[in-house]
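**Student:** Following this message is one structure expressed as structure tokens.
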Amino acid sequence: MSKAVLMQGNEAAVEGAIAAGMRFFAGYPITPSTEIAEGSAARLPQEGGKFIQMEDELASIAAVLGASAAGMKAMTATSGPGFSLMQENLGYGAMAEIPCVIVDVQRAGPSTGLATSPAQADYMQAKWGTHGDHPVIAISPSSVLETYMLIIRAFNLAEKYRTPVIFLMDEIVGHMREGVELPNPNDLIINRRKMSFHDGANKQCYYVPEGQYVPAMKPFGQGERYNITGNAHDESGFPTNSNEIAGKLVGRLLDKVEKNVDDITRVDEYAMDDAETAIVCFGGTARAVMSAVLEARTAGKKVGMFRPVTVWPFPEKQLRARLPQLKNILMVEHNHGQMLLEVQRVAGREKPVCFLGRIDGTVISPQDILAKLSEMEENHHGE
Amino acid sequence: MASDLVHLYMRIDHLPQMWCPGCGNGVIMRDVAVAIQELIEDPELDFNREDFVIVSGIGCSSRAAGYLDFNSIHTTHGRAIAFATGIKFANPKLHVVVLTGDGDCSAIGGNHLIHAARRNMGLTVIAFNNDIYGMTGGQYSPTTPNGDKATTAPYGNVDRPFDIANLATGAGASFAARGDIYHARETIDIIKQAILHKGFSLVDVYSVCPTYYGRKNKKGDAVEMLKWQKEHLVPTARYYSMPESERADKKLIGILSYNDYPEYTDEYAKVIESCRKKDKK
Amino acid sequence: MSNRYEMRFAGSGGQGVILASVIFAEAAVISGLKTVQSQAYGPEARGGVSKAETILSREMIWYSKVTVPNFLLALTQASLNTYSKTLSEGAVVMIDDSLSIPENLDPTRVISIPILQTAKEKVGKAFTANIVAVGAINKALQLFEEKVLMEGVKRHIPVGTEEINKKALSAGADLITPEQTEAFRQRLG
């Protein structure tokens, strides 16, 4: 018998999070993410952890931030409508530098939309959904095993950079079951936030040494007294109206991610070495793209897949490095053209960028992609 | 005594506080600090300063968290009780005290108030109730009396008001009480009992906002408004010894409802325990 | 994609077609095959169209959705009418015998058996219809060893219901004649 187990994407999110040390979950039921709440309710108490079903998504993310401030690795999971409700406190988490993971299993929208159908139209919301300039890290898995592995990475990045990390799943991956062989827990790398206990030299809770970006976190409620606020604040954590201090603070928050972009961004490339056409995609869409690339290669076409795994910050450097070899780019995503804007920004006027999107709640098939590739070829010859 | 309190329990670098002259919020903040001090200093009890966490939302009231020298977290508008729920559930040994306002806890945060009460989450909520949104300049709140004026009720408030303590009672709070700023000693004692209470506790403390509510409604200055409290808000013993006819225009200062429902984090600890036992089997 | 064996299970919400689909995916995992299982359903827990899919392969399965199924189970007329339109050449279709075979469907590829009635009368519980179907499908297609299939079932049913589910599985298998097995047996990969 095989060591593999059949697991659903949403279930893998729970197991991966638990492996990462998640011991607190607060959430509100919403399709297609509900299995993550159900799984957490069943599994967390077995691990000595805690699950609470809150009254809404506003409360869910607030409870998660409270629990994280009190020292626990905490997570919530939702879908589009709930993700919209969480936006204000997502910004609070970024401003107050409270690590947590927010899972958004994307479904077709806008509004209630098609609750049980897949989409990837929260991509821009993940970046721009909360008000004000703020750092964003978002990761998007394309298989059940990757969901398990990447949610661990999401927690690691949240802890390392003291910021909420968005785990941008979609219904395709969330509700898909695959056989997976999970790694040995002892082989996993698990980060823990940098703590500072009574460090004497500088009691300021948001003090950051020159050349660094992330303050060590004082354990809240464990013997240190300090203030946490979403207002612009000085190094002591107290609100300030000083434009200079506020500017420096927001600048540092953005720098945390921008200056560490090489550590944070990851891409998955397939058959890109000699590719003349790059198909860019993320999340569950990669499944159809991989099938299409394999078939196109069989037909002798020089097509490869470029898949941002870290979807925010967009892996600009990696895509730019591929531009010289490419004739064109095809962006495939389940929305009306969101990551497309990032790809166009990077490609500039150098390379044409074509687009295949879907907004009706159905799934883009390999045949759709192959047809689009043929159409691109014809247009190219026609020129 | 008072200056001791300031030095011991307030972030003196950040004083004086930002509230308007005559505002009642400073009095409530002091009452909370005194209540905590008396609990910590009581040799019969085992309260540690480091176990207190002050949580606030947004609004005039919520600035109090920053002035109090404890673990403090100033959260988003309406969400203080939800943050506090996360903190308490994550670390049940903490004494989590929520400082909130009438708008913060009964309008934008009303849902969290009733659900924390229903769950009997072991929080202590102190509502700084001044009948108005002060921070934004005097708009009517869910506790502004019917007919009163506010910048968004220039012709008189059409809404009917909430009684926050009764609201909490209705939602199943295991401890709901009312205090004010005139009866400081009584209010301190009520806050102490609220913190001592194992489950969810709420104290609706009547504050005064002479700047926006008072002036707009011709209630006089802070002293006049305090006089009103003296005449209309009555501590428990005296309230119940009054003839029924005298109570008509008066409100009770004291505990309105009390019971010993099981506390949420205690109940969840049993869930963890039972799961672990099953694992061992 | 000749290596892919695509199965579609369709019915109305509450008939348990998703579980039937999951059980085949579980059996695949147990036997070391690659599999992807997914479903599409409406907002209703009961009633409404429910569709589940299992793909089996010896190689990595990329595209996770069924395109032209090699097998279709249909438990309602509406789902049969809809999904019988897209089938691979030589696809096998299993239906409850209360349904009528649409004109576009080659009747020689259809296994029409009393799934719902067997669950209700022979097994004694209407809710076991999906397990009856699982037993019948496996008997006809010869996808997995019986003990592997039973293990797949066991991993997805409540403790204490093993006996009734075992009974349902064999009642389903009994609905298939040796001739049908001979005609519809699959050889994966």
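**Student:** Looking at A:THR112, A:LEU188, A:ALA154, which one has the Cα that reaches farthest to the positive end of the dipole of chain A (charges on Cβ: Lys, Arg +1; Asp, Glu -1)?
**Tutor:** A:LEU188
**Student:** At a threshold of 8 angstrom on Cα-Cα distance, excluding pairs fewer than six apart, so keeping six or more, what relative contact order does the stretch B:1-133 reach in percent? Numbers along the way, then the final one.
**Tutor:** Details: 217 pairs, mean separation 29.2, N = 133.
Contact order relative to length: 22 percent.
**Student:** Only Lys, Arg, Asp and Glu count, each charged at its Cβ (+1, +1, -1, -1), so figure out the dipole size of the stretch C:103-189 about its Cα centre, rounded to 20 debye.
**Tutor:** Numbers: 12 positive and 11 negative charges, 54 e Å.
For the stretch C:103-189, the charge dipole is close to 260 debye.
**Student:** Just the accessible area for C:MET94, please: 1.4 Å probe, Å², rounded to the nearest 10?
**Tutor:** Near enough 0 Å² of accessible area.
**Student:** What does a probe at C:LYS166 reach in the stretch C:140-157, counting residues whose amide N is under 16 Å from the point 7 Å along Cα→Cβ?
**Tutor:** Under cut-off, by backbone N: C:146-157.
**Student:** Relative contact order for chain B: what percent, with Cα pairs under 8 Å and sequence separation of 6 or more?
**Tutor:** Values: 587 pairs, mean separation 48.9, N = 281.
Normalised by residue count, the contact order of chain B is 17 percent.
**Student:** Which FRET efficiency value, to the nearest 0.05, is calculated for C:ASN81 and A:GLU258 with the Förster distance at 45 angstrom and r the Cβ-Cβ distance? Don't skip to the end; give the middle numbers.
**Tutor:** Details: r = 56 Å, r/R0 = 1.24.
The calculated FRET efficiency here is 0.20.
**Student:** What residues of the stretch B:99-131 lie in the reach of a label at B:HIS232, counting those whose backbone N is under 15 Å from a point 7 Å from the Cα along Cα→Cβ?
**Tutor:** From the stretch B:99-131, the list is B:129-131.
**Student:** Now, a different point. Return one number: the angle in degrees, 0 to 90 and rounded to the nearest 10, between the long axis of the Cα atoms of helix B:184-196 and the longest principal axis of the Cα atoms of chain B.
**Tutor:** It is inclined by approximately 20 degrees.
**Student:** Let me know the charge dipole size of the stretch B:1-95 about its Cα centre in debye, to the nearest 20, where only the beta-carbon of Lys, Arg (+1) and Asp, Glu (-1) is charged. Please list the in-between numbers first.
**Tutor:** Numbers: 7 positive and 11 negative charges, 123 e Å.
Dipole magnitude for the stretch B:1-95 comes out near 580 debye.
**Student:** Another question about this same structure. Using 1/(1 + (r/R0)^6) with R0 = 60 angstrom and r between the beta carbons of C:MET60 and B:TYR261, what's the FRET efficiency to the nearest 0.05?
**Tutor:** Values: r = 55 Å, r/R0 = 0.91.
Once the sixth-power term is evaluated, E becomes 0.65.
**Student:** Where the eigenvalues come from the Cα gyration tensor of the protein assembly as shown, what are the semi-axes √(5λ) of the equivalent ellipsoid, largest first, in whole Å? Provide the component values of the computation, followed by the final result.
**Tutor:** On the way: eigenvalues 649, 213, 113 Å².
Whole-Å semi-axes of the equivalent ellipsoid: 57, 33, 24.
**Student:** Separate question: Pairs of alpha-carbon atoms within less than 8 angstrom and 6+ residues apart define the contacts here; what relative contact order does the stretch C:4-188 have, in percent? Before the final figure, lay out the partial values.
**Tutor:** Numbers: 366 pairs, mean separation 39.3, N = 185.
Averaging sequence separation for qualifying contacts and normalising by length gives 21 percent for the stretch C:4-188.
**Student:** Given only helices, namely DSSP H runs of n ≥ 4 each adding -39500 (n - 2.57), what is the per-residue ellipticity at 222 nm of chain B, to the nearest 500 deg cm²/dmol? It would help to have the intermediate numbers written out before the result.
**Tutor:** Details: 12 runs with 113 residues, N = 281.
Rounded to the nearest 500, it is -11500 deg cm²/dmol.
**Student:** Sort C:MET7, C:MET60 by accessible area with a 1.4 Å probe, largest first. Let's see the in-between values first.
**Tutor:** Working: C:MET7 0, C:MET60 90 Å².
Largest accessible area first, the residues go C:MET60, C:MET7.
**Student:** With the Cα gyration tensor of chain C giving a ≥ b ≥ c as the square roots of its eigenvalues, does the rule (a/c under 1.5 for rounded; else a/b larger than b/c for prolate; else oblate) give rounded, prolate or oblate? Don't jump to the answer; show the numbers that get you there.
**Tutor:** Numbers: a/c = 1.22, a/b = 1.06, b/c = 1.15.
Because its axes are fairly even, with a/c under 1.5, chain C counts as rounded.
**Student:** Cα centroid distance between the stretch A:136-208 and the stretch B:132-204, in Å?
**Tutor:** 41 Å
**Student:** Also, I was wondering about something else. List the residues of the stretch A:338-381 whose backbone N lies under 20 Å from a point placed 7 Å from the Cα of A:THR112 along the Cα-to-Cβ direction.
**Tutor:** Residues A:360-362 fall inside that zone.
**Student:** Right, something else. Between B:LYS198 and B:ASP221, 0.36 nm times their residue separation minus their Cα-Cα distance comes to what? Can you show the working numbers first?
**Tutor:** Numbers: separation 23, 0.36 × 23 = 8.28 nm, distance 3.86 nm.
Between B:LYS198 and B:ASP221, full extension yields an extra 4.4 nm.
**Student:** Relative to the longest principal axis of the C-alpha atoms of chain A, give the angle of the C-alpha long axis of helix A:243-258, reported between 0 and 90° and rounded to the nearest 10°.
**Tutor:** Helix A:243-258 sits at roughly 50 degrees to that axis.
**Student:** Now for a different question. To the nearest 0.05, what FRET efficiency results for C:ASP174 and A:ASP133 with a Förster distance of 60 Å applied to their C-beta separation? Provide the component values of the computation, followed by the final result.
**Tutor:** Working: r = 68 Å, r/R0 = 1.13.
It comes to 0.30.
**Student:** Could you report the accessible area of B:TYR212 in Å², rounded to 10, computed with a 1.4 Å probe on the protein chains as they sit in the structure?
**Tutor:** 80 Å²
**Student:** If you take the square roots of the eigenvalues of the alpha-carbon gyration tensor of the stretch A:268-382 and sort them as a ≥ b ≥ c, do you get rounded (a/c under 1.5), prolate (a/b over b/c) or oblate?
**Tutor:** Because its axes are fairly even, with a/c under 1.5, the stretch A:268-382 counts as rounded.
**Student:** Let me ask another. Gaussian network model of chain C, Cα springs within a sub-10 Å range: biggest mean-square fluctuation belongs to which of C:SER84, C:SER50, C:SER64?
**Tutor:** Its mean-square fluctuation being the largest, the pick is C:SER64.
**Student:** How big is the antiparallel share of DSSP beta bridges in chain B, given as a percent to the nearest 5?
**Tutor:** Of those bridges, close to 20 percent are antiparallel.
**Student:** Still on this structure, please answer the following. Using a Gaussian network model of chain B with C-alpha springs under 10 Å, which one of B:TYR155, B:TYR213, B:TYR133 is most mobile by mean-square fluctuation?
**Tutor:** Top of the fluctuation ranking is B:TYR155.
**Student:** When the dipole is taken about the Cα centre of the protein assembly as shown, and only Lys, Arg (+1) and Asp, Glu (-1) are charged at their Cβ, what size is it in debye, to the nearest 20? Present the calculation step by step, with values, prior to reporting the outcome.
**Tutor:** Values: 87 positive and 98 negative charges, 96 e Å.
The calculation lands at about 460 debye.
**Student:** Once you've got the Cα coordinates, tell me which of A:LYS160/A:LYS256; C:LYS125/C:LYS147; A:LYS50/A:LYS127; A:LYS301/C:LYS34 are over 19 Å apart.
**Tutor:** On the way: A:LYS160/A:LYS256 10 Å; C:LYS125/C:LYS147 23 Å; A:LYS50/A:LYS127 29 Å; A:LYS301/C:LYS34 27 Å.
Pairs exceeding the cut-off: C:LYS125/C:LYS147; A:LYS50/A:LYS127; A:LYS301/C:LYS34.
**Student:** Tilt of helix B:264-280 relative to the longest C-alpha principal axis of chain B, in degrees (0 to 90, nearest 10)?
**Tutor:** Compared with the principal axis, the helix lies near 20 degrees.
The values are calculated or read from the model by the stated rules, or taken from the named source; none is laboratory data. Since the structure is predicted, the reported quantities are computational estimates derived from the model, not experimental observations. Heads up, the Cβs are rebuilt from the backbone with ideal geometry, glycines too, and the neighbour counts pull from every protein chain shown. These accessible areas exclude ligands, DNA and RNA; they are computed on the full protein's heavy atoms, side chains included. Shrake-Rupley method; radii C 1.70, N 1.55, O 1.52, S 1.80 Å.
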